[in-house]
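Written below as structure tokens is the structure these notes are about.
Derivation of every value follows stated rules applied to the coordinates shown; laboratory data play no part. As the structure is a prediction and not an experimental result, all values here were calculated from the model. Backbone-built Cβ (ideal geometry, glycine too); neighbour counts: all protein chains shown.
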Amino acid sequence: MRSVTMYPAHPAGHREKTSQELRATNVNGKVQMLPNDPLAVAKIFKERREKNPALAAKARMAAAARKRGI
């Protein structure tokens, strides 16, 4: 059972604050326990993409190319 706490309206809108209920979710063929809230899941995936080593390597190569004037 989940507990629901209502907070006063916020200038950007308001949402229900719920306890983190986890559920099994398929991600790239693997099952992971992720929160029931889709916005929380989107935030987790965004953080994972930012930590992607391929993106860091691509940024380094682009910086090196700019440095050489290519």
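Considering only alpha-carbon pairs that sit under 8 angstrom and 6 or more positions apart, the relative contact order computed for segment 20-68 is 22 percent. Taking 7 Å steps out from each Cα toward its Cβ at residue 31 and residue 64 produces label points 4.3 nm apart. The charge dipole of segment 20-68, taken about its Cα centre with unit charges on the Cβ atoms of Lys, Arg (+1), Asp and Glu (-1) only, comes to about 560 debye.
Within the straight-line cut-off of under 30 Å between alpha carbons, the lysines reachable from residue 67 are 46, 51, 58, sequence neighbours fewer than 8 places apart in one chain being disregarded.
In loop segments of segment 16-63 as defined by DSSP, the GluC sites (Glu not before Pro) with at most 12 further C-beta atoms inside 10 Å of their C-beta are 16, 21.
Between residue 22 and residue 40, the distance separating the two model label sites (each 7 Å from Cα on the Cα→Cβ line) works out to 1.1 nm.
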